[in-house]
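Working notes for the structure below.
The values are calculated or read from the model by the stated rules, or taken from the named source; none is laboratory data. Remember, predicted model here, so these are calculated numbers, not experimental data. Reconstructed Cβ throughout: ideal geometry from the backbone, glycine too, with neighbour counts over all protein chains shown.
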Amino acid sequence: MTWPTQLDYQEALAFPAHCFTDRELGSAKLASLGHFGLPQPITGNFANVYRFKSDGSGTLEWAVRLFLRDEPHRTARYALLAALPRWPGCLLPFEYQPEGLVLATGSFPLMKLPWQDGEPLNAWVEKHLNDRAALEALAERWGVLIRELEVAQLAHGDLQHGNILVTPENELRLLDYDALWAPVLEKLPPGELGHPSYQHPQRRYDRTLDRFPALVIYTALRALAVAPELWYRLDNGDNLLFRREDFAAPANSRAFALLREVRVLRPLVTALQEACTDPPERVPALTRYTTYTT
């Protein structure tokens, strides 16, 4: 079966009643349209997300996630995730519909989630570069979120700016569960390998999966709170201060050198630099560092 292209999806979504098997989605309307009146998605590497709202009052809104390629374990993965007894509040509830979208070429899967307003982490950070209190508060909320995942025995698997949403209330929500780890998923391969600007050089798919990227993000937030000028020296539009090269060779890293110039950051930066060369399973939990203050 040929997998749909983005154009296939756009053409089908113009007529929700004809393409969705879900009753709510079938009677919904697209919330945003792009050029030539075509559906305007939020694009990603593995899926596109479309915003729908209920017909009539429009008080109910959904995010519909359509996959850009096949993945043999996807249906099994989401069936196991849907059956988990504990689903933390930082993760949006979801419905995985294996044949939720019907096209002329066949039936294809989709994810249906409640629509969540917010901004990607890097966009939010850029807007708050001169607000130290806001950045420090977000760093603390980040530590709480990571602890929430650990208590639920989950690891997101692809913690990065594009998968972290800051809501209008400055709460944090995580998107994209294709790489998520849980004990029931141990025998399945991850659906994704994670954004390289956040992952450990020796990444392992186990319960410690999030520890390194969690520390990367926490370090970046703390650093920008006290030295916002680092953004203009290290941002490339697709990172949060660090890049894959920094983790592969931390001793030669420009980012680590610049951060170490800020005296109050040195203990935290040293911890991250050492984590780059330690085996990933030896990276300590973020709770060790969240008492770090500036």
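Overview of results
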| quantity | calculated |
| --- | --- |
| Among the residues listed as Ala275, Ala220, Ala225, the single one being within 21 Å of the chain's Cα centre (by Cα) and either in the same structural domain as Arg77 (by TED's automatic domain parsing) or among the small types (Gly, Ala, Ser) (or both) | Ala220 |
| Check on Ala214, out of contact with any strand residue (DSSP E or B) (no Cβ under 6 Å at 6 or more places or on another chain) and modelled with pLDDT of 95 or more | yes |
| Thr287 vs. criteria at pLDDT below 95, of a type in the set (Val, Ile, Thr) and in a helix (DSSP H, G or I) | yes |
| Condition met for Pro85 (at pLDDT 95 or above and either outside the structural domain of Arg204 (by TED's automatic domain parsing) or over 21 Å from Ala285 (Cβ atoms) (or both)) | no |
| Residues located in segment 93-119, provided they are touching a residue at least 60 places away in the same chain (Cβ under 8 Å), aromatic (Phe, Trp, Tyr) and not in a loop (DSSP other than H, G, I, E, B) | Phe108 |
| Residue that is farthest from Gly44 (Cα to Cα), among those in segment 144-171 that are surrounded by fewer than 20 Cβ atoms within 10 Å (Cβ to Cβ) and among the small types (Gly, Ala, Ser) | Ala152 |
| Yes/no for Gln153 being polar (S, T, N, Q) and in the same structural domain as His200 (by TED's automatic domain parsing) | yes |
| Segment 3-38, subset of a type in the set (A, V, I, L, M) and in a strand (DSSP E or B), residue modelled with the lowest pLDDT | Leu33 |
| Residue selected from segment 246-272 under the condition of a type in the set (A, V, I, L, M) and under 22 Å from Tyr205 (Cβ atoms), by the criterion farthest from the chain's Cα centre (by Cα) | Ala248 |
| Number of positions in segment 39-92 that are aromatic (Phe, Trp, Tyr), within 30 Å of Val151 (Cβ to Cβ) and not in a loop (DSSP other than H, G, I, E, B) | 3 |
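Conditions tested, residue by residue: (1) of a type outside the set (A, V, I, L, M, F, W, C); (2) touching a helix residue (DSSP H, G or I) at 6+ places or on another chain (Cβ under 8 Å).
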position	(1), (2)
Ala223	no, yes
Arg233	yes, yes
Leu240	no, yes
Glu245	yes, no
Arg260	yes, yes
Thr277	yes, yes
Tyr289	yes, yes
